[in-house]
Amino acid sequence: MNLLCIVSWVIVVPFFLPHYRLETLLGMAMPLGVTSLSLVQSERVFRQNPTLLTQYMVTAFAGKMLIFGIYIVAVLMLLTVAPKPFIVSFTLYFVALHLFEAIRLRRILGVAG
């Protein structure tokens, strides 16, 4: 997951968005970091006590929304970045990584698809 995001940024940005390298990097960084930590913690919670996973996921979701909100405001207000490319990049990586997280959680839980 981490490697795929980095490779997508390294390959796509120089060819299609060379003027928005910083914006796309910042749009990828926080969703990638938070999703990575969330997946590791979700697996840990599930291994220790599967009945606590739902409670953890609800709490983690609330925490993610708070962190993402603060991050977006901070990037747009404190850094000189073009807002549209940053928001588009953030949104695309956010959605893609959360789909990956959902698929991974299904696999952890052993849910048949």
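The values are calculated or read from the model by the stated rules, or taken from the named source; none is laboratory data. On a predicted model such as this, the values are computed, not experimentally measured, just so you know. Because the Cβ atoms are built from the backbone with ideal geometry, glycine has one as well, and the counts that use them run over all protein chains shown.
Residues in the range 65-72: is at least one in a helix (DSSP H, G or I) and closer than 14 Å to E23 by Cβ? Let's see the steps before the verdict.
If we filter the range 65-72 for residues that are in a helix (DSSP H, G or I), which is where we start, we get 65-72.
Imposing the further condition that a residue be closer than 14 Å to E23 by Cβ reduces the set to 71-72.
Within the range 65-72, one or more residues are in a helix (DSSP H, G or I) and closer than 14 Å to E23 by Cβ.
Are any of the residues in the range 86-97 more than 15 Å from the chain's Cα centre (by Cα) and part of a helix (DSSP H, G or I)? Full working, then the answer.
Restricting attention to the range 86-97, the residues satisfying the condition of being more than 15 Å from the chain's Cα centre (by Cα) are none.
No; the residues of the range 86-97 include none that is more than 15 Å from the chain's Cα centre (by Cα) and part of a helix (DSSP H, G or I).
So G63 clears everything in (1) surrounded by fewer than 13 Cβ atoms within 10 Å (Cβ to Cβ); (2) under 30 Å from V12 (Cα atoms) except one condition, right? Which one?
The single condition G63 does not satisfy is (2).
Would you point out the residue of the range 45-60, among those that are within 18 Å of the chain's Cα centre (by Cα) and surrounded by 14 or more Cβ atoms within 10 Å (Cβ to Cβ), that is modelled with the lowest pLDDT?
Of the residues in the range 45-60, the ones within 18 Å of the chain's Cα centre (by Cα) are 56-60.
Those left that are additionally surrounded by 14 or more Cβ atoms within 10 Å (Cβ to Cβ): 56-57, 60.
On the way: Y56: 94, M57: 91, A60: 94.
Taking the candidates together, the pick is M57.
Condition first: loosely packed, with under 11 Cβ neighbours inside 10 Å, within 20 Å of the chain's Cα centre (by Cα) and of a type outside the set (A, V, I, L, M). Now tell me which residues in the range 70-84 satisfy that.
Here is the first cut: in the range 70-84, the residues loosely packed, with under 11 Cβ neighbours inside 10 Å are 73, 77-78, 80, 84.
After this cut, where a residue has to be within 20 Å of the chain's Cα centre (by Cα) as well, the list is 73, 84.
The one that is loosely packed, with under 11 Cβ neighbours inside 10 Å, within 20 Å of the chain's Cα centre (by Cα) and of a type outside the set (A, V, I, L, M): K84.
Which numbered condition in (1) of a type in the set (S, T, N, Q); (2) more than 17 Å from the chain's Cα centre (by Cα); (3) surrounded by 15 or more Cβ atoms within 10 Å (Cβ to Cβ) is the only one that S42 fails?
(2)
Just one of the numbered conditions (1) within 14 Å of R104 (Cβ to Cβ); (2) touching a helix residue (DSSP H, G or I) at 6+ places or on another chain (Cβ under 8 Å); (3) among the charged types (D, E, K, R) is not true of K64; which one?
The one condition K64 does not meet is (1).
Of all residues in the range 1-49, which are over 21 Å from I72 (Cα atoms) and either touching a residue at least 24 places away in the same chain (Cβ under 8 Å) or of a type in the set (D, E) (or both)?
Within the range 1-49, M1, L39, S42, E43, F46 qualify.
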